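The values are calculated or read from the model by the stated rules, or taken from the named source; none is laboratory data. Values in this document were obtained by computation on a predicted structure and should not be read as measured data. Here Cβ is always computed from backbone atoms with ideal geometry, including for glycine, and neighbour counts include all displayed protein chains. Remember, those area values only see protein heavy atoms, side chains included, never the ligands or the DNA or RNA. Shrake-Rupley method; radii C 1.70, N 1.55, O 1.52, S 1.80 Å.
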Amino acid sequence: MIDDEAGFGVYVHWPFCAAKCPYCDFNSHVRHKPVDQARFAAAFQREMEQMRERTGPRDVSSIFLGGGTPSLMEPATVGAVLDSVAKLWNLSPDAEITLEANPSSVEADRFRGYRAAGVNRVSLGVQALNDKDLRFLGRLHNVEEALYAIGLARDIFPRMSFDLIYARPDQSLESWADELKQAIGYAADHLSLYQLTIEEGTAFYGLHKAGKFVVPDPDHAADLYDVTQEVTASLGLPAYEVSNHARPGAESRHNLIYWRYGQYVGVGPGAHGRFVEDGTRNVTFTEKVPETWLELVEREGTGIVGGEVLTRDEEADEFLLMGLRLVEGIDLARYERLAGRGLDQQRLAMLQEEGLIESIGNSRLRATPAGMVVLNALIAELAR
């Protein structure tokens, strides 16, 4: 696979939320006054114009509206953002256009407007299918609202996914298996299943440190992961990436751009981008505070406040880091093109003997199920 075959995407970050979830370390902000959405839409377009000058003409295969809570945007705002992308780049006729949404009934009622604006895939932040755990996770919806939003999304959008968080306090293997089966019954074609992690800077970090709640120990968390793989595979949604499961052909194209080490621009407060410019891969990141980002864009045309040009070794390491998350693994020839060298054969042989990696024919390499459990350590060993 050569670099441009991995696809080119546009990520747009809407940074506002109705409330900050206690586990969330994303760039999200609560504002108690209405946001000037027209002003932000104009700033998104202006920053895209700067990005277009740097990327040149590209075929966009995916647009992802992430956050924050993009379903706080009016459909007209979403339409303006999508129109901006289509004006600046060539939007493929079959492009995947995803919007993240929270499943409160007020936001779900906007779904028809989003579909009319061009969104063809929605990703719902359900997170749990019982009200007790939804309250623990700080979610504003209940199970009834979540199921209503799921049903509406299935009726309106060609494709739909939703997220669940597991490894929650006191979660048994049996209860998680039952919840998974219930979720797959509702899911159209895709589920994202994430283990609860305690991130520094979140509300959960202080509560956990103070002993207010206990998360499963590593052995129990690994058992929950195993149950996740078994149940989803048996019911037709096998893993195609560490935390993502889909019916064949329904994988998230936007996330595949990331994991296959494609190129993308990031627009909006706190967005990151990675794209090839003048023959080298550039990393960009923008100002995180929404109002500061807005003023920067209006004054200078972009909210970019930093970035770097990656070396060949850094590109190769990132390629490993992303690609080995996938069940399909990595293309060894592409790694050699990026790194200017092959992987260490002695180290490969050792990891194969330990049952952590395996070859797919003569051209690809992937982590085994055992390797996926210790993926970070595996990648660190390969990248040495």
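Brief remarks on what is shown
- Between Gly262, Gly342, Gly66, the residue with the greatest mean-square fluctuation in the GNM of the chain (Cα pairs under 10 Å linked by springs) is Gly342.
- At 1.002 mPa s and 20 °C, Stokes D of the stretch 15-142 from Kirkwood alpha-carbon radius, µm² per second: 136
- log₁₀ of I(q)/I(0) at q = 0.14, 0.19, 0.25, 0.26 Å⁻¹ - the stretch 3-60, Debye sum with one point per alpha carbon: -0.59, -0.86, -1.05, -1.09
- For a label point 7 Å along the Cα-to-beta-carbon line of Arg299, residues of the stretch 49-84 with backbone N under 20 Å: 49-51
- Where the Cα pairs of the chain fall when distances are cut into 20 Å bins, in %: 27, 60, 14
- For Lys181, the aspartates and glutamates whose Cα comes closer than 20 Å to its Cα, not counting residues fewer than 8 places off in the same chain, are Asp131, Asp133, Glu144, Glu145, Asp163, Asp170, Asp189, Asp223, Asp226, Glu230, Glu241, Glu251.
- Expressed as a fraction of 2.2 N^0.38 Å, the value expected for a compact globular protein of N residues, the C-alpha radius of gyration of the stretch 172-301 is 1.40.
- Heavy-atom accessible surface of the chain: percent carbon and sulfur, 1.4 Å: 50
- Take the Cβ atoms of Arg312 and Tyr194, set R0 to 41 Å, and the FRET efficiency comes out at 0.80.
- 15 Å reach of a label modelled at Ala76, 7 Å along Cα-to-Cβ, counting backbone N of the stretch 5-37: 35-37
- Taking all C-alpha pairs of the stretch 229-384, those more than 26 Å from each other amount to 39 percent.
- Of the trypsin sites (Lys or Arg not before Pro) found in the stretch 183-263, those that fall in a DSSP loop while having at most 16 other beta-carbon atoms within 10 Å are Lys212.
- Taking only the C-alpha atoms of the stretch 276-367, the Rg (one decimal) and the largest Cα-Cα distance, Dmax (whole number), read 18.6, 58 Å.
- The lysines within cross-link reach of Lys20, meaning a Cα-to-Cα straight distance under 16 Å and a gap of 8 or more places when in the same chain, are Lys33, Lys288.
- With contributions of -39500 (n - 2.57) from each DSSP H run of at least four residues, the per-residue ellipticity at 222 nm computed over the chain stands at -12500 deg cm²/dmol.
- Beta bridges per DSSP with both ends in the chain, % antiparallel, nearest 5: 40
- GNM flexibility winner over the chain from Phe64, Phe285, Phe204 (Cα, springs under 10 Å): Phe204
- Between Asn90 and Thr368, the modelled label-to-label distance comes to 4.5 nm, taking each label 7 Å out from Cα in the direction of the beta carbon.
- When the chain is treated as a Gaussian network with alpha carbon springs shorter than 10 Å, the biggest mean-square fluctuation among Ser359, Ser123, Ser192 belongs to Ser359.
- Cross-link partners of Lys209 among aspartates and glutamates (Cα-Cα below 14 Å; sequence separation of 8 or more within a chain): Glu199, Glu200
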